[in-house]
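The values are calculated or read from the model by the stated rules, or taken from the named source; none is laboratory data. Quantities reported herein were computed from a predicted structural model and do not represent experimental measurements. Backbone-built Cβ (ideal geometry, glycine too); neighbour counts: all protein chains shown.
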Amino acid sequence: MKNLTLKQLRYFEALARHRRFRLAADACAISQPALSMQIKELEEEVGHELFERSAKDVRLTAFGQTFAVRVREILRNVDELGEMARAAKHSFLSRLRIGVIPTVAPYLLPVIINDLNAAFDGMELQIRETQTAKLIEELKQGDLDLAIVALPVSEPSLSEIKLFDEEFVLVRRHEDEGKPVPDRGALPQMRLLLLEEGHCFRDQALAFCHVGSSQPREVMEGSSLSTLVQMVSAGIGITLIPEMAVSLETRSAHVSISHFDAPAPVRSIGMIWRNNTPLIKQLLPISDIIRQSSARIREDYTAKRTFSGSPKSSFR
């Protein structure tokens, strides 16, 4: 198999991931006929069919599945060679690919981007927002340099460092301002609004409320924290959001914000990266910058909370 090329392997990996020629071709920025030809030549070179074709999609053959494992390992090693070259050439990163979970991205990214641009003039930032499972997958495949997620992730191939802790707050309709804050045992009996399946914040909120995998009828779902807060404003129910989200999400919502008595629900946000990345010397200073950025956001929130005169104040 002397005629195998990295380009063919990347085309193969894209098709294995997307399972449709059109999507894979778009991802590789080539035409669909060109992709089909390259895959056909690859199969002829290895002497085995790699995909089972159907009218709707394509699937890896048994040999294709084994082949895919090795191909992803090869492509990951090639990408790491590129990262090593980048790290040796520059005292700072010329490009940084960051993944962020949706319950952090809208609130932290604007500050992070400004601070990183100020600290590393000329660095290209590429941002990816998606759920934790997808970020971990893309990080392990070498598609991201780092990800900001809720800890722990407990992945042996990934390193993690805590950036900060933040509490969850209770969001109720504005008319409920001043009422006693319900304890965690009472929340499941109320119309509790949570993020849909796949969000780690949903799992953390359910754990605090002592709600198991058998979801009660009273729990309702939304696609984003913004949707949940607007639903509360409309009188549909109550919800929990992280402190970092309060200023942005309650700006146009007629709701009240209350803090739970100790022990309050809390989550740890951290940065993760591959254990074998050659960029470790550059990533550690970046974690310090992100930590400082998040500290300013929390200090701003604390100042607003203190100025309002009560830990159970209305944010509008």
Scope segment 132-153; condition in a loop (DSSP other than H, G, I, E, B) and touching a strand residue (DSSP E or B) at 6+ places or on another chain (Cβ under 9 Å); matching residues: 142, 143, 144, 145, 152, 153
Output for segment 268-294, where each listed residue is under 17 Å from residue 166 (Cβ atoms), surrounded by 20 or more Cβ atoms within 10 Å (Cβ to Cβ) and not small (Gly, Ala, Ser): 269, 271, 290
Residue list for segment 96-148, restricted to those being more than 11 Å from the chain's Cα centre (by Cα) and acidic (Asp, Glu): 115, 121, 124, 143, 145
Enumeration of residues in segment 107-134 that are among the hydrophobic types (A, V, I, L, M, F, W, C) and farther than 20 Å from residue 285 by Cα: 133
Pairs, first farther than 17 Å from residue 271 by Cα and in the same structural domain as residue 197 (by TED's automatic domain parsing) in segment 88-116, second surrounded by 22 or more Cβ atoms within 10 Å (Cβ to Cβ) and at pLDDT 95 or above, C-beta under 9 Å, six or more apart: none
Complete set of residues in segment 71-114 that are of a type in the set (Lys, Arg) and at pLDDT below 90: 72, 76, 86, 89, 95
Qualifying residue in segment 121-130 (condition: buried (at least 19 other Cβ atoms within 10 Å of the Cβ) and either of a type outside the set (Asp, Glu) or not in a strand (DSSP E or B) (or both)): no
Selection from segment 139-188 of residues that are modelled with pLDDT under 90 and outside the structural domain of residue 237 (by TED's automatic domain parsing): 140, 141, 142, 143, 154
Of all residues making up segment 198-250, the number that are β-branched (Val, Ile, Thr), modelled with pLDDT under 85 and within 24 Å of residue 153 (Cβ to Cβ): 1
Count - residues of segment 242-262 that are under 16 Å from residue 191 (Cβ atoms) and either free of Cβ contacts under 8 Å to residues at least 40 places away in the same chain or of a type in the set (A, V, I, L, M) (or both): 1
